[in-house]
Structure formats: C-alpha cells, structure tokens
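Every number in this text was worked out from the coordinates using simple rules, so none of it is lab data. Note that the structure is a prediction, hence the values are computed from the model and not measured. Using ideal geometry, Cβ is built from the backbone for each residue, glycine included, and neighbour counts are taken over all protein chains shown.
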Amino acid sequence: MSSSIKALDSTSVHRITSGQVVVDLQTAVKELVENSLDAGATSIEVRFKEYGLKAIEVIDNGSGIAPEDYESIALKHHTSKLSAFSDLATIQSFGFRGEALSSLCALSQGVSVTTATSNEAPVGTILEMERNGKLKAGSKKVARQRGTTVAVTGIFSPLPVRRKELYRNIKREFSKALALLTAYALVPCSQDGRGVRFTVVNYNEKGQRMVQIQSNGAKSIKSSVSAVWGPKALANLEVLDLEFDVTSEKSLMKRVPESEEVTHVHVEGLISKFTFGCGRTGTDRQFFYINGRPCNLPKVQKIFNEVYRSFNTNQAPFIIANIIIPTNTCDVNVSPDKRTVFLHSEYNLIAALKISLEEAFSPERSTFSVNTQ
Ligand code: ADP
Ligand code: MG
C-alpha cells in the first residue's frame with residue numbers, strides 16, 4: 001500500500017508559509033518600509049494606489065542593491081542581515097528572516113524592484129520577479145538616483161478569500177496601515193538615530209494624489225509629532241523621560257550573562273498631561289517601541305493606562321513611549337511580523353515601570369510640569 005503521508009509540492013509550501021508572513025495590508029507595507037530603513041534610507045515615500053488594492057510602492061534613497069545580489073533578492077531565507085542564529089541576540093536591523101520579499105512574490109500579482117547603488121546611479125535597473133521569487137529574464141534600465149523602489153501589484157490575488165476580504169474591508173485595512181506608518185514616522189526608528197522623512201500618499205481611482213502622512217525627518221519626537229499632526233498637538237503633552245534599573249528574574253535570564261543582572265531601562269517619549277488627557281476614550285493614539293522598533297506591548301500599555309487613570313479617570317492618554325534596553329534582553333523573533341517581543345524579566349520591568357510612572361505623575365515629586373488647575 002502506498003504511504004498516505006506525502007511531501008507537499010514546493011509551490012504549495014511557499015504559498016502556505018508566505019500567508020503567515022504577510023497576513024494583511026499593514027504587514028506588507030511594514031516589511032517594505034523596514035527594508036528601506038535597514039538600507040539606511042533618510043527619505044521614504046509610500047504610495048498606495050486605490051488604498052493598496054491596485055498597488056503598493058515604497059521608494060527610498062537607501063543603499064540600493066548591488067548587481068551581484070539581484071538573483072537572490074526575493075529567494076526565501078536569503079538575507080544580507082543575519083548570517084548565523086547567534087547574531088539574533090545583537091541584531092539591530094528590522095529584517096533578518098529573509099522572507100518578506102519572497103512572500104510578497106508568492107502572494108501578489110507582481111513584484112518589481114528598481115534599484116541603484118552609488119556605483120550605478122544615476123542608472124537604475126528594473127527587475128521583475130516570478131511568483132517563486134526568481135528573477136524574470138531581461139532587466140531594463142531607467143534613470144534612478146541611489147536607492148530602491150519596490151512595487152507590489154494586486155496583493156493577495158493568489159489567495160482569493162483573502163483578496164476578497166481585503167476588498168471588502170479596504171478602508172479599515174488602509175487605516176490600520178496608516179496607523180502603523182504613523183508609528184514609524186513619529187520616532188526615528190533607525191539604529192543610528194538618524195531622522196527619516198516619511199511621505200505617505202494615496203492615489204484614488206481617478207489618479208488623484210492625497211497626502212496621508214508627512215513627517216519632516218527630524219531626530220526629535222516632539223518635532224515629528226508637530227510635523228505629523230501640527231504644532232497644536234504638542235500643547236497638552238509632556239516629555240516622558242524615565243530611567244530605572246530592573247533586576248533579572250534569574251531562571252528566565254539564560255541568555256544574559258551573570259554580570260548583567262541589573263538592566264538599565266530608559267523610556268523616552270511624550271504623554272498627555274494627566275489633567276488634560278487627549279480628550280479621547282480610545283487608545284488609538286498610543287505608540288510603543290522597543291529600541292525604536294514599533295511593537296505591540298499590551299502589558300506595558302496596560303500599566304501606562306492604569307497609572308494614568310489613577311490620576312485622570314475619564315480620559316485615555318496620548319502616549320509615545322520608546323523603551324531603550326540592551327538588545328540581549330529582548331527577543332524579537334517571536335512572530336514573523338516581529339510585533340510581539342519577549343522581554344526578559346518582563347514582570348520586574350513592568351513593576352519598576354509602574355513605580356517610575358507613578359513617581360513621575362505624582363505632583364509632589366513631579367518631573368513633569370503638571371498643571372493642576
Ligand atoms: P530581510 O529583510 O529579512 O533580509 P527581505 O525579504 O525583506 O528579507 O529582503 C531580502 C533582501 O533584499 C534584504 O536582506 C536586502 O539585502 C535586500 N533588500 C530588500 N529591500 C531593500 C531595499 N529597500 N534597499 C536595499 N536592499 C533591500
Ligand atoms: Mg525585510
């Protein structure tokens with residue numbers, strides 16, 4: 001009798017695993033933007049065509065891709081950022097799994113990459129990708145300054161159910177993508193602290209261009225907030241600047257050497273004055289980062305809101321909080337989208353954060369100039 005357990009064909013495996021890397025519109029855009037940040041870009045333009053249904057294009061002025069790398073750009077698990085598992089403990093780049101472009105190829109109608117390094121500029125090369133991530137034969141030349149443009153058309157067309165869902169919920173999916181892009185535009189996310197100028201535009205069915213987000217590439221969070229929402233947005237915000245030490249939970253600290261049992265934590269950002277709040281009840285203007293990487297930190301978010309609510313019961317604060325900790329005390333390789341982060345000694349960190357926040361909010365020992373009228 002023939003065996004009933006058989007290997008899936010490689011095309012099916014590729015499509016199945018890709019569907020977990022690029023789950024929705026926002027992860028697609030996020031992967032492209034992170035590639036531009038990793039390439040050292042100081043200017044990034046994201047162009048949605050018909051809210052991303054027709055096309056998503058990310059144009060950067062980063063390093064570009066060298067001709068010898070063209071063949072492997074979109075091959076699965078091919079990356080220029082990580083060469084061994086051990087590097088993960090110190091990884092600074094956003095990407096490291098080498099899955100994004102290969103997944104986008106598997107999940108869209110077409111992917112093209114136009115790129116030039118400083119050696120080739122002002123001549124760029126247009127590369128078209130096959131669904132399996134291989135280069136299509138015959139590239140074209142075009143005028144291009146240093147940098148890379150990645151264009152993804154017809155996202156999810158090979159997955160009819162997901163494409164239909166995206167079509168049905170496009171406005172909601174588009175605003176989720178904008179919220180995520182706002183997070184990148186607010187805090188200089190680059191490891192070297194350089195500012196990045198973000199422009200996000202949408203072209204509607206008639207080809208009309210609408211600017212959605214515009215930042216100014218400033219290094220300071222304050223200045224970015226002012227660029228994104230206007231100077232008025234700063235009026236009711238206070239600078240958040242907390243520093244505290246966290247002692248390690250020993251059993252959980254396998255990756256941290258004994259000598260580093262105390263971790264220094266710095267939290268920088270902006271928060272609503274607790275007497276003013278942001279006048280909202282929702283938490284849509286709360287942005288959290290670990291070392292400049294936007295991520296979901298539900299427990300940290302909960303503590304911020306709890307402490308805030310103990311001073312102001314009816315409003316949810318506006319929060320931008322970038323938690324700066326040694327890279328070897330957090331693990332970003334938890335989910336393919338890297339939005340979930342494991343923090344070593346999380347319990348102690350949250351407890352210390354709570355105390356530090358309460359102290360900062362407390363009018364007697366305030367580090368904020370809180371207006372109590
Ligand atoms: P990862 O980011 O995990 O390395 P990706 O699939 O996102 O994997 O990208 C594959 C490779 O393509 C990257 O490692 C990088 O070398 C190159 N690349 C992708 N986008 C860009 C870009 N905008 N600028 C320069 N290089 C890029
Ligand atoms: Mg990447």
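Before moving on, here are some points about what is shown:
- Net charge of neighbours whose Cβ lies under 12 Å from the Cβ of E243, counting Lys and Arg as +1 and Asp and Glu as -1: -4
- Greater than 29 Å apart at Cα, pairs in K81/K222; K81/K140; K232/K302; K219/K354; K273/K299: K81/K222
- Near E205, once Lys and Arg are set to +1 and Asp and Glu to -1 for all other residues with Cβ below 14 Å from its Cβ, the sum equals +4.
- Across all Cα pairs in the chain, the calculated P(r) in 10 Å bins from zero up to the longest distance comes to 5, 22, 30, 24, 14, 5, 1, 0, 0 percent per bin.
- Excluding same-chain neighbours fewer than eight residues apart, the lysines reachable from K176 by a Cα-Cα span under 19 Å are K30, K49, K54, K164, K338.
- The distance between label points at F311 and F244 comes to 1.4 nm (points 7 Å beyond Cα on the Cα→Cβ vector).
- The chain: DSSP helices with Cα axial extent of at least 15 Å and average Kyte-Doolittle hydropathy no lower than -0.5: 10-21, 25-38, 170-186, 346-361
- Between the range 1-65 and the range 105-144, the alpha-carbon center distance in angstrom: 15
- Near the amide H of Q212, within less than 5 Å, lie the amide hydrogens of V200, V201, N202, all on another chain or at least 5 residues away, with H placed in the peptide plane.
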